[in-house]
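A.B. asks: First, the structure itself, so that you have it in front of you.
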Amino acid sequence: MGIKTDFLIIGSGIAGLSFALHAASSGTVAIVTKKERMDASTNYAQGGIASVFDLDDNFDLHIQDTLKSGDGLCNKKIVEMVVKDGPERIRELISLGVNFSHQQDNPEKLDLGMEGGHSRRRVVHTKDRTGSEVERALLENVKENSKITIYEDYMAIDLITKSKLIKRGIISSESKESCWGAYVLNIKDGEVITFQSRITVIATGGAGKIYLYTSNPDIATGDGIAIGYRAGVKAANMEFVQFHPTCLYHPLAKNFLISEAVRGEGGILLNSKGERFMEKYHSLKDLAFRDIVARSIYLELKKSGDECVYLDISHKSPDFLTERFPNIYETCLNYQIDITKQPIPVVPAAHYMCGGLLTNENGATNIRNLYAIGEVACTGLHGANRLASNSLLEALVFAKRAAEKAGKELKENRRSPLTKAPQWDPGSATDSEEMIVVSHNWDEIRRTMWNYVGIVRTNKRLARARVRIENIQEEIKEYYWDFIVNRDLLELRNIALVAELIITCASMRKESRGLHYNLDYPDKDDEHWNRDTVI
Ligand SMILES: Cc1cc2nc3c(=O)[nH]c(=O)nc-3n(C[C@H](O)[C@H](O)[C@H](O)COP(=O)(O)OP(=O)(O)OC[C@H]3O[C@@H](n4cnc5c(N)ncnc54)[C@H](O)[C@@H]3O)c2cc1C
C-alpha cells in the first residue's frame with residue numbers, strides 16, 4: 001500500500017504539530033505517530049516555556065543565561081534568533097487557544113515562573129501541566145484542519161532516499177542526496193506502508209529510554225536520530241545528555257519528574273541527615289545549572305551510600321503548593337508523600353538529549369527535502385547544556401522557520417513528478433518466536449548506558465560500554481533480517497545505534513564540559529575542544 005502527500009511529518013509532539021499547522025497552508029500534510037497522538041514528551045512537560053515578558057527582563061539577559069548554560073558551545077546567532085522570536089511564538093500559542101496561567105493580582109499579565117540558571121522570572125506556564133495544555137490546543141487545531149491527516153500507531157522505519165532508489169536501479173542521477181518519504185509500519189496489522197512525500201520532517205523527540213532511569217515516556221527511543229543517521233544525516237554533540245536532578249524516587253513511580261520550578265519557588269535539596277548540601281558545590285546553590293545539581297547529587301549519594309536525596313518545599317503554604325503544583329501534589333500524594341508536610345525523595349534521571357541531527361537555522365539537514373525539528377535536532381541553541389524550559393521554545397521557533405522554508409521548497413519540487421518508490425521488501429523474514437532476546441538486549445543496553453555512560457564517565461567505562469553495545473549490534477544485525485519487523489525490534493535497533501553514537505561522541509571529547517564529565521579529563525579544554533562533535 002502507498003500514500004502520497006506533500007509533507008510527511010514523523011511525530012505528533014509540539015514540533016510536529018506546530019510544523020503541520022504552519023505547513024498546511026502550502027500543501028497536504030500526513031503526520032505519522034507511533035502511539036496515540038498525545039503520547040509525546042511534550043505532554044509531560046511541567047515547568048513551561050522560557051520567554052521574555054517581564055518589564056524587569058530583556059532579550060540580552062535571556063541570551064546571556066542561555067550562553068552561560070551552554071558552557072561555550074552555543075551558536076550565538078541561533079540563541080539570539082530563538083530568544084527574539086520567543087514572545088511572538090507564545091502569542092501565537094495563545095491565539096490557538098492555549099490557556100497559560102495569569103498573575104492572581106494582575107489577571108492581564110502572564111504568570112512567570114523561575115527556574116535554575118535563569119536570572120529573571122520568565123517561564124510561561126499553565127500551572128505545572130504546561131505540556132499537556134499546549135498539546136491539547138495544538139491537537140484541537142490540527143483536528144479542525146482538513147489538509148492534515150494523523151495516522152496513529154504508525155511507526156517510521158527508515159527514509160526513502162535517492163541513493164536507495166539508485167541502488168535499486170529505479171533512478172540514475174549524481175546530484176545531491178534527497179529524501180522522498182519513509183517506510184512506515186502500521187503497528188496494529190504489521191503492514192509496512194510506503195509514504196511518498198516531497199518534504200519529510202523528523203520530529204520524533206528525544207532518547208531518554210536508552211538509559212535505565214529516565215523522566216521520558218516510552219516513545220523516547222531516539223528513532224529519529226537513528227533513522228536520520230542511517231540515511232546519511234550528520235549527528236552532533238551526542239555526548240551531551242541532560243540528567244534532570246529531581247525525578248521522584250519511589251518503587252512504584254515510573255518516570256515522574258519533580259519540576260525545576262519547585263526549586264525555583266524555594267525548594268531545597270537535603271541529604272538523608274536533613275542537611276542542605278548544594279552550597280558546598282556552587283554559589284547558586286539549589287538553583288545552579290542542571291549539570292551541576294545532578295553531579296552534586298551523584299557525589300552526595302556516592303559518599304553516603306544512600307539511594308536518594310530529598311527536595312523540601314513544605315515551608316511554603318499548602319494553598320500556594322496545591323494551586324501552583326497541583327499535578328506534583330496529587331501524584332506524590334498517590335504515593336503517600338504529602339509535599340505540604342514532608343520532603344520528596346528524588347534522584348537524577350536521563351531527561352533531555354542536547355545533541356541530535358545537525359540542522360541549519362531553518363531546521364534543514366544536509367539531505368535535500370529533509371528537515372529535523374524539536375528535541376531530535378541539534379540546532380546550536382543548547383550547546384553543552386540546555387537551559388531549563390528552552391526546549392519547547394526551540395521546537396516552536398524551528399517548526400515555524402522550517403515550515404516557511406519547506407513551503408518554498410515545495411513549490412520547486414512540484415515542477416517534477418514524484419518518482420515511484422518500491423514497496424517494502426520483507427525478503428524471507430518470518431515471525432519471531434524469540435522475543436526474549438529482544439527484551440534481554442533492551443535491558444542490557446539501558447543498564448550499560450546508565451552504569452558506564454551516565455553522569456560521570458571515564459575512558460575505561462566508555463571502552464567497556466562500546467564493546468558491549470557492539471556485541472549487541474552484531475546480534476541485532478543477525479536477526480533483524482530474519483524476522484518480520486515489529487515495534488520492539490525496530491526500537492531495539494534504534495536504541496543500539498543511538499547508544500553507539502553517544503559513546504562515540506563521548507569518547508572523542510577529551511575534556512569535561514557542560515553535561516559531559518570524564519574523570520580522566522576533569523577540566524575544560526577551550527584550546528582544543530571549544531567545538532561541536534560532529535559524526
Ligand atoms: C517529564 C518532562 C518534563 C519536561 N518539562 C519541560 C519544560 O517544562 N519545558 C521545556 O521547555 N521542556 C521540557 N521538557 C522537554 C520537552 O518536553 C521536550 O523536549 C519536547 O516536548 C520535545 O518535543 P518534540 O515535539 O520534539 O518531541 P515529543 O513531544 O517527544 O514528540 C515526539 C513524537 O514522535 C513520535 N515518534 C517517535 N518515534 C517515532 C517513529 N519511529 N515513528 C512515528 N512516530 C514517532 C512520538 O510518538 C511522539 O508523537 C520536558 C520533558 C519531559 C520528559
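A.B. asks: For region 1-55, which residues satisfy the criterion of being of a type in the set (Val, Ile, Thr), within 14 Å of the ligand (Cβ to nearest atom) and closer than 28 Å to residue 79 by Cα?
C.D. replies: 9, 10, 14, 42, 49, listed by residue number.
A.B. asks: Would you say residue 106 is at pLDDT below 95 and not in a strand (DSSP E or B)?
C.D. replies: Here the answer is yes, as residue 106 does meet what is asked.
A.B. asks: Right, next: Listed residues 491, 527, 500; which is surrounded by fewer than 18 Cβ atoms within 10 Å (Cβ to Cβ) and of a type in the set (D, E, K, R)?
C.D. replies: 527
A.B. asks: Can you go through 75, 58 and tell me which one is more than 16 Å from the ligand (Cβ to nearest atom) and surrounded by fewer than 17 Cβ atoms within 10 Å (Cβ to Cβ)?
C.D. replies: 58
A.B. asks: For region 245-288: of the residues being of a type in the set (Val, Ile, Thr) and not in a strand (DSSP E or B), which is nearest to the chain's Cα centre (by Cα)?
C.D. replies: Checking each candidate, the answer is 258.
A.B. asks: Considering 507, 512, which residue is surrounded by fewer than 21 Cβ atoms within 10 Å (Cβ to Cβ), under 25 Å from the mean Cα position of the chain (by Cα), of a type in the set (Gly, Ala, Ser) and at pLDDT 95 or above?
C.D. replies: So the residue among 507, 512 that is surrounded by fewer than 21 Cβ atoms within 10 Å (Cβ to Cβ), under 25 Å from the mean Cα position of the chain (by Cα), of a type in the set (Gly, Ala, Ser) and at pLDDT 95 or above is 507.
A.B. asks: For residues that are of a type outside the set (Ser, Thr, Tyr) and within 12 Å of the ligand (Cβ to nearest atom), tally how many sit in region 143-157.
C.D. replies: Residues in region 143-157 being of a type outside the set (Ser, Thr, Tyr) and within 12 Å of the ligand (Cβ to nearest atom): 6 in total.
A.B. asks: If a residue must be away from the ligand (no atom under 11 Å from the Cβ) and out of contact with any strand residue (DSSP E or B) (no Cβ under 9 Å at 6 or more places or on another chain), how many such residues does region 101-140 contain?
C.D. replies: Of the residues in region 101-140, 11 are away from the ligand (no atom under 11 Å from the Cβ) and out of contact with any strand residue (DSSP E or B) (no Cβ under 9 Å at 6 or more places or on another chain).
A.B. asks: Also, I was wondering about something else. Taking residue 350 as the residue in question, decide whether it is crowded, with 23+ Cβ neighbours inside 10 Å, at pLDDT below 95 and either farther than 29 Å from residue 70 by Cα or within 12 Å of the ligand (Cβ to nearest atom) (or both).
C.D. replies: It is false that residue 350 is crowded, with 23+ Cβ neighbours inside 10 Å, at pLDDT below 95 and either farther than 29 Å from residue 70 by Cα or within 12 Å of the ligand (Cβ to nearest atom) (or both).
A.B. asks: Any idea which of 459, 441 is modelled with pLDDT of 95 or more and either farther than 21 Å from residue 350 by Cβ or not basic (Lys, Arg) (or both)?
C.D. replies: Being modelled with pLDDT of 95 or more and either farther than 21 Å from residue 350 by Cβ or not basic (Lys, Arg) (or both) holds for just one of 459, 441, which is 459.
A.B. asks: Working carefully through the options 306, 218, 291, find the one that is within 16 Å of the ligand (Cβ to nearest atom), in a loop (DSSP other than H, G, I, E, B) and in contact with a helix residue (DSSP H, G or I) (Cβ under 9 Å, 6 or more places away or on another chain).
C.D. replies: 218
Yes or no, residue by residue, for (1) surrounded by 14 or more Cβ atoms within 10 Å (Cβ to Cβ); (2) over 30 Å from residue 212 (Cα atoms):
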residue	(1), (2)
374	yes, no
382	yes, no
385	yes, no
400	yes, yes
416	no, yes
426	no, yes
441	yes, no
450	yes, no
456	yes, no
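A.B. asks: Can I ask one more? Within region 462-504, restricting attention to residues that are over 14 Å from residue 210 (Cα atoms) and of a type in the set (Asp, Glu), which residue is modelled with the highest pLDDT?
C.D. replies: Result: 470.
The values are calculated or read from the model by the stated rules, or taken from the named source; none is laboratory data. These numbers come from a predicted model, not from an experiment. Positions of Cβ are backbone-derived with ideal geometry, glycine not excepted, and every protein chain shown enters the neighbour counts.
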